[in-house]
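Peer 1: Submitted below is the structure of interest, expressed as C-alpha cells.
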Amino acid sequence: MLFDIILPLAIADVYTYNIPETIQYPLTGKRVLVPLGRKSIIGIIYRKHEGELPANIKVRDVLQIIDEEPIVTAEQLKLWEWLSSYYMCTLGEVMAAALPSEIIDDNYSAATTQYIQLAPAYLAKEAQEQLLGELKRAKKQEQLVRDFLRLAQNYQVERRVLLEQSGVSGAILRTLIEKGVFLEEQRPVSRLLQYTGEIQSPKTLDIQQSRALTAIQRAWEKTPVTLLHGVTSSGKTEVYIHLIDQALKQGKQVLYLVPEIALTTQLTDRLRAVFGDQLLVYHSKFSNAERVEIYNQVQHSSKIVQNSSILNDTEREALNNIEHSERREARGRVILGARSAIFLPFNNLGLIIVDEEHEPSYKQQDPAPRYHARSAAIMMAYWYGAKVLLGTATPSIESYYNALSGKYGLVEMKERFQGLQLPQISMIDLQRQYHRKEMYGHFADPLVDRIREELAKGKQVILFQNRRGYAPVLQCTKCGEAPKCPNCDVTMTYHKATNSLVCHYCGHSTRIPSKCPKCGGEMRTQGFGTERLEEEIQGLFPEARVARMDLDSTRKKDAYQTIIDRFSNHEVDILIGTQMVTKGLHFNDVSLVAVLQADSLLNTPDFRSYEQAFQMLEQVSGRAGRTGSQGEVMIQTFNPKNPVFEYLKTHDYEGLYQQQIAERELFKYPPYQRLIMLTLRHRDLGRLEAAATLLQQRLQQSFGERVSGVIIPSVTKISNQWVRQIRLRVETTANIAQAKALVKEHITFVQRQEKSKGTTILPDVDPM
Ligand code: ADP
Ligand code: ZN
C-alpha cells in the first residue's frame, strides 16, 4: 500500500513509498526508515497516498517501521500542515524544526548510572547479621555494608551516592562485589533535574488580580483568545499561576511561552515552587538528549497520572512525601519554554500563555519555518479546544487592534501590585551634554550623580545598551578606513576582551590591526557597546560590583542563571546588558534604570520602529522600583523631542497606539494589510539582479501596485551572498492561499531561468 512520508528536506512536501500490507495500523505519526538515493533517511508516515502516481515513477519499499506507537500526534500534524502552508515552506522543513535531531537520527541513548544492589543471599535479616559478624575484622568492609543498609531503598543505591556518603574507597566496594555480597548494574536515569523543595499554594490574589482572573474566564466564554494588558509589575504572573492551577485541576496540560531563555530562569523558580516536578522547561540551550526526554515525557504525562493536581492542602503535603518516581510521572504537564516548545507532543492541552506577547523574538527568522509562535499558539488553541492568554504591559499594535475590535477578549490591570508607582522617566539631552563637555565617557554627568547616590543607598542599577561588544566601528583617524567583514557588507565590531574584530552577521573574526591597513594611520573606536560600558562604569565606580549580560557573556547553558542569581542576591550592584535585561525580569533592589543611547532604537527605517522602541523602553523601565519606593529611569538621547518619549513619560500606551494605528491605516501596513517579504540571495550579483528584476516584473503582472520595487537592503551582502528584497502587500480580505500559490509559481519560474539559476528565494510571511 502506498503512503506519503514526510522527510526532513526542503524539496517536496511528501515522498511516496510502499508499505507491505501485513503491517499494524494505525501508521500515521510513526517513524520509518526509507531509502533515498543510495542512502537511507528517517521520515514520518503522514497519510495513505491518494490517486495514481505517474507511470515512470518506481515506488520503493520502506526499509523499517521504527516505532510501535506514533511519536507525532494528529494535532501536531495539523500544526505542521498549517505552518507549511501559512509560512510557505515544506512539511519537511517544519519536521526538521519540530523534532529534536536525535529523534530524526534515531541515535538517542539513555543516560545511565551504576547501581549497587544487595545479593539475594543477604536479603534476610539473619543473613545480614551473620555477614556483619564475619566482616568484624575488615573494618572498612563492615562500614560500607552498614552504610549501604542505611542508605539503600529496596536494597539498592546509586554507586556514586554510596561512595560519597560513606567515604570508603572504590577498591573496598570492588572486594565486596567479588565476594558476592553486592551486585553491580548499569541503569538508565533521567537527565531531567528533580525538584526537591517544598510545594506551596499559589499566592492569594489581591482585588485587581481577582477581578482580572474572573474577567479572563468570562472573556474566554466568548472567544478562546484574551489579551491581558497589565502594567509592569501589576502581578500578571501570579494571575497566570492561578489559571495554570485551574487547568491542571481539570486534568489539562499547559504551555507557558516566554520570548527569551533568560526569562525561564526566574520563572522556573516561581512555577516550580507551586507545581513541583509537573513543570518542565524546554528551550534550545538544552542538549538534544535532554530534549528527547522532555519530548517523550510530554507525550505521556497526562496519560499516566490522573488528576494528581486536584489537591487540597493535605494532599499537597502528601505529594511532598510520595516517592519521587511517582512525582516524576506527572512531569511535563506544565511546559515553560521558548517559541520552539509549540512543537511538543501535547495530548491534552488546555491553556497556552503567551507572556510578553509583543516580543519580536516570537518570530523565527531563520531557517524556515519563519513562524510567529503567537499565531501558532492561537491556531493550536482551536485544534485542542484550549484557551490562550496573551499577556503584556505593552501590547503589539496587532493584538490590541484585535482586542479592541472584539476578536480577542481584553482585560486590563492598570495599577502595580500594592499600589506602587510606575517609575519616573526623564530624558538627558546628549547634544547639550557633549556641547558643555559634561560627560564622562558615554555617561552624562547627571546620570553619574544619580548612580552614585543610588549605590550609596545600597540600591542596584541596570544599564541598557542595545549593542554588544566594545565598539561597533574601528576607524582610521587619518583616512577614515573601517575594517569590513570579508564575507558581509558590514563593519566589524571591536571586542576588547578577545582583542578581535567580530562580524555580528557571520561570526567571522580577525586580529586587531595595530595600524590602518590602508594608510598606516592610527585606529580609533567609534560608538560603544556593552563591553565598553562595563569598562567605563568600572572606571567611574571602582568599588562597585559590575556584571554584564549579553550574547557574549551567556553562551554557556547556565550562564543566564548565574548572572541573574548573582544580581538577585545583590552580589552585583550594576548590571549592564543588551535587550536581554529589558524583559520580564524581577529584581527587588533596582531603583534606577538607564538607557545609554535610545537613538539607535528610533532611527531604524521600519514601520514598527516606534512601536518597538516604546515597548523596549517601557519594558526596561519596568525593571525599576518593583518593591519599596518609586523607581527612576534616565534615557540619554540626541532627540529628546521625539514623540515616543512623550508617551513614555506618561506611560501612555493608548496614546502611542492611536498614533501608530492611524499611520498603519494610512500606509496600508498590518493589521490593515498583510505583508510577504521575499528575500533573494546569490553569490553572483549579476544573476541575483536578473532574478530580482524578473520576479518583480512577474509579481507586478499578478499583483499590480501591491508589489514594491526591488529593495536593496541596508546590509547588501551576508556570508558571501548578495541580498535583494521584494515586498508584497495583500488585503486582509483577499484569498491569501491563492495569492501564496501564485507567488510560489513565480518563484519556481524565476529559479528555472538560466540567467538567474541558483538564486535562493525565501518567503517571509508577516515579517517582523
Ligand atoms: P508582572 O508579571 O505583572 O510583571 P509579577 O507577577 O512579577 O508582575 O508581580 C510583581 C511582584 O509582586 C512579584 O514579586 C510578585 O511575587 C509580587 N506579587 C504579585 N502578586 C502578588 C500576590 N497576590 N501576593 C503576593 N505577592 C504578589
Ligand atoms: Zn560577516
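The values are calculated or read from the model by the stated rules, or taken from the named source; none is laboratory data. All figures in this text were calculated on a predicted structure; none of them were measured in a lab. Cβ atoms come from the backbone with ideal geometry, glycine included; neighbour counts cover every protein chain shown. Only protein heavy atoms, including side chains, enter the accessible area calculation; ligands, DNA and RNA are left aside. Shrake-Rupley method; radii C 1.70, N 1.55, O 1.52, S 1.80 Å.
Peer 1: Would you tally the residues in region 585-623 being in contact with a strand residue (DSSP E or B) (Cβ under 7 Å, 6 or more places away or on another chain) and closer than 20 Å to ARG270 by Cα?
Peer 2: 4
Peer 1: List every residue pair whose Cβ atoms lie under 9 Å apart, where the two residues are 6 or more positions apart in sequence or sit on different chains, the first residue falls within region 205-228 and is closer than 19 Å to ARG374 by Cα and part of a helix (DSSP H, G or I), and the second residue, located anywhere, is away from ligand 2 (no atom under 16 Å from the Cβ) and of a type in the set (Lys, Arg).
Peer 2: Correct list of pairs: ILE216/LYS387; TRP220/LYS387.
Peer 1: To continue, here is another question. Among the residues in region 469-483, are any open to solvent by 20 Å² or more (accessible area, probe 1.4 Å), of a type in the set (D, E, K, R) and within 16 Å of ligand 2 (Cβ to nearest atom)?
Peer 2: No, region 469-483 has no match at all.
Peer 1: Shifting gears a bit: Based on what the data block shows, is ARG432 assigned to a helix (DSSP H, G or I) and buried (at least 24 other Cβ atoms within 10 Å of the Cβ)?
Peer 2: It is false that ARG432 is assigned to a helix (DSSP H, G or I) and buried (at least 24 other Cβ atoms within 10 Å of the Cβ).
Peer 1: Out of region 500-534, which residues are within 16 Å of ligand 2 (Cβ to nearest atom) and not β-branched (Val, Ile, Thr)?
Peer 2: SER500, LEU501, CYS503, HIS504, TYR505, CYS506, GLY507, HIS508, SER509, ARG511
Peer 1: Name, by its number, the condition in (1) within 20 Å of ILE378 (Cβ to Cβ); (2) more than 11 Å from ligand 1 (Cβ to nearest atom); (3) β-branched (Val, Ile, Thr) that does not hold for VAL239.
Peer 2: With respect to (1) within 20 Å of ILE378 (Cβ to Cβ); (2) more than 11 Å from ligand 1 (Cβ to nearest atom); (3) β-branched (Val, Ile, Thr), VAL239 is out only on (2).
Peer 1: Out of (1) modelled with pLDDT of 95 or more; (2) over 27 Å from SER361 (Cα atoms), the odd one out for ASN735 is which?
Peer 2: Going through (1) modelled with pLDDT of 95 or more; (2) over 27 Å from SER361 (Cα atoms) one by one, ASN735 breaks only (1).
Peer 1: How many residues does region 279-291 hold that are at pLDDT below 90 and over 15 Å from the mean Cα position of the chain (by Cα)?
Peer 2: 3
Every residue, every condition in (1) of a type in the set (Lys, Arg); (2) within 30 Å of LEU675 (Cα to Cα); (3) surrounded by fewer than 24 Cβ atoms within 10 Å (Cβ to Cβ); (4) out of contact with any Lys or Arg (no Cβ under 7 Å at 6 or more places or on another chain), yes or no:
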{"position": "ASP599", "(1), (2), (3), (4)": "no, yes, yes, yes"}
{"position": "ARG608", "(1), (2), (3), (4)": "yes, yes, yes, yes"}
{"position": "GLY622", "(1), (2), (3), (4)": "no, no, no, yes"}
{"position": "GLY631", "(1), (2), (3), (4)": "no, no, no, yes"}
{"position": "ASN642", "(1), (2), (3), (4)": "no, yes, yes, yes"}
{"position": "TYR647", "(1), (2), (3), (4)": "no, yes, yes, yes"}
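Peer 1: Separate question: What are the residues in region 14-54 that are in a strand (DSSP E or B), surrounded by fewer than 18 Cβ atoms within 10 Å (Cβ to Cβ) and not small (Gly, Ala, Ser), if any?
Peer 2: Within region 14-54, THR16, ASN18, LEU33, PRO35, LEU36, LYS39, ARG47, LYS48 meet the criteria.
Peer 1: Six or more apart or on different chains, Cβ atoms under 7 Å: show the pairs whose first residue is in region 476-503 and without any contact (Cβ under 8 Å) to a residue 24 or more places away in the chain and whose second is charged (D, E, K, R).
Peer 2: THR491/LYS484; MET492/LYS484; SER500/ARG511
Peer 1: Can you spot a residue in region 279-288 that is of a type outside the set (A, V, I, L, M) and free of Cβ contacts under 8 Å to residues at least 60 places away in the same chain?
Peer 2: Within region 279-288, one or more residues are of a type outside the set (A, V, I, L, M) and free of Cβ contacts under 8 Å to residues at least 60 places away in the same chain.
Peer 1: I need the full set of residues from region 146-160 which are surrounded by 15 or more Cβ atoms within 10 Å (Cβ to Cβ) and either modelled with pLDDT under 90 or not assigned by TED's automatic domain parsing to the domain that holds GLN128 (or both), in order please.
Peer 2: LEU151, ALA152, TYR155, GLN156, VAL157, GLU158
Peer 1: Exactly one condition in (1) in contact (Cβ under 8 Å) with a residue 24 or more places away in the chain; (2) in a helix (DSSP H, G or I); (3) open to solvent by less than 90 Å² (accessible area, probe 1.4 Å); (4) not aliphatic (A, V, I, L, M) is not met by GLU142; state its number.
Peer 2: Against the list (1) in contact (Cβ under 8 Å) with a residue 24 or more places away in the chain; (2) in a helix (DSSP H, G or I); (3) open to solvent by less than 90 Å² (accessible area, probe 1.4 Å); (4) not aliphatic (A, V, I, L, M), GLU142 comes up short only on (1).
Peer 1: List pairs: first residue in region 107-128 and closer than 30 Å to ASN296 by Cα, second residue aromatic (Phe, Trp, Tyr) and surrounded by 11 or more Cβ atoms within 10 Å (Cβ to Cβ) anywhere in the structure, Cβ distance under 8 angstrom, at least six positions apart or on different chains.
Peer 2: Close Cβ pairs (under 8 Å, with a partner that is aromatic (Phe, Trp, Tyr) and surrounded by 11 or more Cβ atoms within 10 Å (Cβ to Cβ)) amount to ILE116/PHE148; ILE116/PHE182; GLN117/TYR155; GLN117/PHE182.
Peer 1: Counting only residues that are out of contact with any Ser or Thr (no Cβ under 9 Å at 6 or more places or on another chain) and aliphatic (A, V, I, L, M), which one in region 354-402 is nearest to ligand 1 (Cβ to nearest atom)?
Peer 2: Restricting to residues being out of contact with any Ser or Thr (no Cβ under 9 Å at 6 or more places or on another chain) and aliphatic (A, V, I, L, M), the top hit is ALA377.
Peer 1: Just the residues that are out of contact with any helix residue (DSSP H, G or I) (no Cβ under 8 Å at 6 or more places or on another chain) and either open to solvent by less than 100 Å² (accessible area, probe 1.4 Å) or closer than 11 Å to ILE172 by Cβ (or both), please, taken from region 118-137.
Peer 2: ALA119, PRO120, LEU123, ALA124, GLY133
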